[in-house]
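Before any comments, here is the structure.
The values are calculated or read from the model by the stated rules, or taken from the named source; none is laboratory data. Keep in mind the model is a prediction, meaning the values are calculated, not measured. So basically every Cβ, Gly included, is an ideal-geometry build from the backbone, and we count neighbours across all protein chains shown. Keep in mind that these areas ignore ligands, DNA and RNA; they rest on the heavy atoms of the full protein, side chains included. Shrake-Rupley method; radii C 1.70, N 1.55, O 1.52, S 1.80 Å.
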Amino acid sequence: MIRSVVRGFGAALPKRVLTNKEMESKVDTSDEWIVQRTGIRQRHIAGEGETTASLGEKAARAALERAGLTADDLDLIIVATSTPDNTFPATAVNIQNRLGMRHGAAFDLQAVCSGFVYAVATADAYIRGGLAKRALVIGAETFSRILDWSDRTTCVLFGDGAGAIILEAQKGEGTTADRGVLTAQLRSDGMHGDKLYVDGGPSTTGTVGHLRMEGREVFKHAVGMITDVIEAAFEATGTSADDVDWLVPHQANRRIIDGSAKKLGIPNEKVVVTVDLHGNTSAASIPLALDTAASDGRIKKGDLVMLEAMGGGFTWGSVLIRW
């Protein structure tokens with residue numbers, strides 16, 4: 001059996017750090033309020049010259065360097081983003097050009113905060129289907145540019161950044177001991193589209209628009225949807241929460257992360273949390289968290305790692321990987 005094995009990982013964050021204390025001078029909020037309700041203490045905000053593509057390129061180069069590969073070794077680039085540099089061409093093609101890659105395929109994928117999970121699942125399908133040997137999967141966002149900075153319920157939540165992994169086709173035995181992607185579970189339900197969305201677009205308003213969210217509604221659905229796809233991953237692989245070495249969730253809200261882990265019976269010491277440092281970086285949050293935990297030595301070769309996310313649409317999904 002062909003497995004999609006992680007060869008490298010990397011991340012990139014904008015230079016500017018925006019703390020909760022600084023947010024107090026912008027909107028009617030407080031550090032205590034933000035931390036209590038979200039767990040966020042700071043976020044990175046893209047400055048002049050920093051875009052989704054430039055951050056994605058930096059994360060990609062870090063992943064290639066760690067893997068000991070070059071752009072010539074890639075067959076496919078998938079960029080998960082809701083904040084592309086342009087309506088078209090795709091940010092993935094932009095990054096492909098920046099890397100000097102003149103072959104293969106590159107495209108964007110849009111599933112909001114679930115984007116990276118969807119992109120990993122898509123790259124895995126390409127690799128298992130023999131359409132690619134190595135895929136660069138990037139989650140990159142500049143959500144600060146679609147925020148309404150007068151809306152204190154949303155502007156305190158989001159940040160910018162990018163993360164990337166490289167998946168490579170390797171032979172496995174077809175068991176859960178194999179390294180690589182073991183299963184992916186994807187879901188969506190468009191009836192919830194009005195609970196988390198952007199109020200603009202080329203075909204409707206002709207503008208970029210701003211992010212709008214019904215926070216209570218999102219929170220109400222999040223834990224149940226997340227546990228649904230994680231339990232489906234366990235069922236598909238014959239594993240359980242006890243087998244998981246690390247849960248790497250989408251970093252949206254500390255209360256959602258804690259609630260999901262508790263419901264699944266995964267202890268806090270096995271959960272990677274970076275929401276306090278990065279805020280909600282949408283499709284970039286999982287690869288940023290992966291980079292943090294793999295770089296500091298927590299996630300090691302052979303570890304069983306569960307990725308999960310839920311985003312606007314609603315979309316939600318999980319990927320179980322043997323690191």
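Counting other C-beta atoms within 10 Å, and keeping those with at most 15, which DSSP coil GluC sites (Glu not before Pro) do you find in the stretch 42-151?
Of the GluC sites (Glu not before Pro), the ones in loops of the stretch 42-151 whose Cβ has at most 15 other Cβ atoms within 10 Å are Glu48.
Check Ala105: other-chain or 5+ apart residues with amide H under 5 Å from its amide H, H built from backbone geometry?
It is Leu76, Ile77, by chain and number.
Can you give the helix-only mean residue ellipticity at 222 nm for the chain, where every DSSP H stretch with n ≥ 4 adds -39500 (n - 2.57) and the sum goes over all residues, rounded to the nearest 500 deg cm²/dmol?
After summing the helix terms and dividing by residue count, I get -9500 deg cm²/dmol.
For Gly161, which sequence-distant residues (separation of 5 or more, or a different chain) have an amide H within less than 5 Å of its own amide H, given hydrogens modelled in the peptide plane?
Glu141, Phe143
Looking at the stretch 178-320, how many pairs of lysines come closer than 28 Å at the Cα, when each pair is eight or more places apart or spans two chains?
Summing the qualifying lysine pairs gives 13.
Once both labels are modelled 7 Å past Cα along the beta-carbon direction, what's the His103-Gln36 spacing in nm?
Once both label points are built, they end up 5.9 nm from each other.
Could you go through the stretch 69-77 in sequence order and give the Karplus-derived ³J(HN,Hα) for each residue, using 6.51 cos²θ - 1.76 cosθ + 1.60 with θ = phi - 60°, rounded to whole Hz, and x for Gly and Pro?
Each residue of the stretch 69-77 in turn: 10, 10, 4, 5, 8, 8, 10, 8, 10 Hz.
Report the Cα centroid-to-centroid distance between the stretch 200-232 and the stretch 104-156 in angstrom, as an integer.
15 Å
Let me know the shape class of the chain, please: from the alpha-carbon gyration tensor, a ≥ b ≥ c as square roots of the eigenvalues, rounded when a/c is under 1.5, otherwise prolate if a/b is greater than b/c, or oblate.
Oblate shape, in that a/c is at least 1.5 and b/c is the bigger or equal ratio.
Using a probe of 1.4 angstrom, how much of the accessible area of the chain is carbon and sulfur, in percent?
Carbon with sulfur: 48 percent of the solvent-accessible area.
Using R₀ = 35 Å, calculate the FRET efficiency as 1/(1 + (r/R₀)^6) where r is the Cβ-Cβ separation of Asp194 and Arg298; round to 0.05.
Rounded to the nearest 0.05, the efficiency is 0.35.
Highest GNM mean-square fluctuation, the chain, Cα pairs closer than 10 Å: which of Ala283, Ala162, Ala67?
It is Ala67.
Please identify, among Gly115, Gly209, Gly49, the residue showing maximal mean-square fluctuation in a Gaussian network model of the chain using a 10 angstrom Cα cutoff.
Per the Cα network of the chain with a 10 Å cutoff, Gly49 tops the list.
Most mobile of Val229, Val198, Val272 per a Gaussian network model of the chain (Cα springs, under 10 Å)?
Highest fluctuation among the options: Val198.
Would you mind counting up the charge near Ser4? Only other residues with Cβ under 13 Å from its Cβ, with Lys and Arg at +1 and Asp and Glu at -1.
Counting the neighbours of Ser4, the net charge comes to +4.
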